[in-house]
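Undergrad: Sharing a structure below in C-alpha cells format, with a few things to ask.
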Amino acid sequence: MSKKLLIIIATKFVVTIALSAFVYRILLTIENSRTLLPTLVLLLIGEVVTIGIVIFSKPSTTTSTDVISIISTGVATFYFLFVSLSSGVKIAPLIVTETMQVLGIGWQIVSKIYLGRSFGLLPADRGIVTSGPYRIVRHPIYFGYFLNHLGFLLSTFSWWNFFTYAALYFFQAIRIFREEQLLMKNPEYATYAKKVKYRVIFGLI
C-alpha cells in the first residue's frame, strides 16, 4: 500500500471519528434545548451527509499530500472542535442570523449532494462537477459554511469564536488555492473556470 493511500485512509478514519463526535455534541445540544431548532436539525443532517460522503468518496491518484495541504485541510476540517457553543453577545436580530444559518447549511447540503463521491478533504481531482450550485461558483460548499458561520457569530458573538473563524478562513483560503492549483492542471477544469469566474462568493471572490 502506497504512502499516499495510507494518508488518505488515515484522514478518512480520523475525520469520521471527529465528525461523529460533533454529531454527538449536536444531539446533546438538541436534547438540552428541548426544542427542534431548524439550524440544529439542518446542521445535524449536514454532518451526517458529510460523514457518508467522506467514507464513500472516490479515490484519486492526484491528491495533494504535501505538508501545506495537510495542515490547511486539518485546520479547516477540525476547527469545530474549538468553536464555543455557549451563549455570547447578540449582534443581529434572531430572524436575520437564523435565516443566514438555515440558508448556509441548506446550501452546503445541496452542494455536497451534487458533488457526491467527488467530495474530498485533501485537495484532489476526483472528477469535475459543473451542475447545480457549481454553475454559480466553483466552490459553493465553502460559501455555505461562510454564511452559516457568519450567522452563528452574529447571533452569539465572542472574541474566542471570532479568532477561531479568522484562523479557519486563513487556512481555508490556502486550501482553496492548493485545490485550484491542482485542478487547473486538468484542461476540463481550466475550461470550466473560464465559464464560472468566481470561486466562493458570486460577484466578489
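The values are calculated or read from the model by the stated rules, or taken from the named source; none is laboratory data. Quantities reported herein were computed from a predicted structural model and do not represent experimental measurements. FYI the Cβ positions are ideal-geometry reconstructions off the backbone, even for glycines, and counts take in every protein chain you see. These accessible areas exclude ligands, DNA and RNA; they are computed on the full protein's heavy atoms, side chains included. Shrake-Rupley method; radii C 1.70, N 1.55, O 1.52, S 1.80 Å.
Undergrad: Among the candidates ALA18, ALA76, single out the residue that is closer than 27 Å to TYR189 by Cα, assigned to a helix (DSSP H, G or I) and in contact with a Phe, Trp or Tyr (Cβ under 7 Å, 6 or more places away or on another chain). It would help to see each step written out before you state the result.
TA: Working: ALA18 fails: closer than 27 Å to TYR189 by Cα.
On inspection, the qualifying residue turns out to be ALA76.
Undergrad: What pairs come out if I take residues in segment 176-200 that are modelled with pLDDT under 90 and pair them with residues that are part of a loop (DSSP other than H, G, I, E, B) and open to solvent by 90 Å² or more (accessible area, probe 1.4 Å) whose C-beta lies under 7 Å away, six or more apart or interchain?
TA: That search, which allows pairs on different chains as well, returns nothing.
Undergrad: List the number of the failed condition for PHE157; all other conditions in (1) closer than 17 Å to SER69 by Cβ; (2) touching a residue at least 40 places away in the same chain (Cβ under 8 Å); (3) of a type in the set (Phe, Trp, Tyr) hold.
TA: (1)
Undergrad: List pairs: first residue in segment 23-34 and in contact (Cβ under 8 Å) with a residue 24 or more places away in the chain, second residue among the small types (Gly, Ala, Ser) and surrounded by 14 or more Cβ atoms within 10 Å (Cβ to Cβ) anywhere in the structure, Cβ distance under 8 angstrom, at least six positions apart or on different chains.
TA: Close Cβ pairs satisfying both conditions: none exist.
Undergrad: Let me ask something else. Taking segment 76-92, which residues are exposed (fewer than 13 other Cβ atoms within 10 Å of the Cβ), among the aliphatic types (A, V, I, L, M) and under 23 Å from the mean Cα position of the chain (by Cα)? Walk me through it before giving the result.
TA: Here is the first cut: in segment 76-92, the ones exposed (fewer than 13 other Cβ atoms within 10 Å of the Cβ) are 81, 84, 86-87, 89-91.
Filter once more, so that each one left must be among the aliphatic types (A, V, I, L, M): 81, 89, 91.
The answer is LEU81, and nothing else.
Undergrad: Could you list, in sequence order, the residues of segment 175-200 that are open to solvent by less than 40 Å² (accessible area, probe 1.4 Å), under 26 Å from ILE70 (Cβ atoms) and among the hydrophobic types (A, V, I, L, M, F, W, C)?
TA: Passing the criteria: ILE176, LEU182, LEU183, ALA190, ALA193, VAL200.
Undergrad: Working carefully through the options ILE70, ILE95, ILE53, find the one that is of a type outside the set (Gly, Ala, Ser) and open to solvent by 80 Å² or more (accessible area, probe 1.4 Å). Spell out the reasoning first.
TA: Numbers: ILE70 fails: open to solvent by 80 Å² or more (accessible area, probe 1.4 Å); ILE53 fails: open to solvent by 80 Å² or more (accessible area, probe 1.4 Å).
It is ILE95.
Undergrad: What tally of residues in segment 145-157 results from selecting those that are buried (at least 20 other Cβ atoms within 10 Å of the Cβ) and either more than 18 Å from GLY203 (Cα to Cα) or in contact with a Ser or Thr (Cβ under 6 Å, 6 or more places away or on another chain) (or both)?
TA: Of segment 145-157, the ones buried (at least 20 other Cβ atoms within 10 Å of the Cβ) are 145-149, 151-153, 155.
Still in the running and either more than 18 Å from GLY203 (Cα to Cα) or in contact with a Ser or Thr (Cβ under 6 Å, 6 or more places away or on another chain) (or both): 148-149, 151-153, 155.
The number of residues fulfilling the criteria is 6.
Condition check ((1) in a helix (DSSP H, G or I); (2) surrounded by 21 or more Cβ atoms within 10 Å (Cβ to Cβ); (3) without any contact (Cβ under 8 Å) to a residue 60 or more places away in the chain) across all residues:
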site	(1), (2), (3)
MET100	yes, yes, yes
LEU103	yes, no, yes
ILE113	yes, no, no
PRO123	no, yes, no
TYR134	yes, no, no
ASN161	yes, no, no
TYR165	yes, no, no
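Undergrad: Can you tell me which residues in segment 12-24 are surrounded by 14 or more Cβ atoms within 10 Å (Cβ to Cβ) and either of a type in the set (Asp, Glu) or farther than 16 Å from GLY52 by Cβ (or both)? Steps first, answer last, please.
TA: From segment 12-24, those surrounded by 14 or more Cβ atoms within 10 Å (Cβ to Cβ) are 12, 14-16, 18-19, 22-23; that's our starting set.
Passing the criteria: only VAL14.
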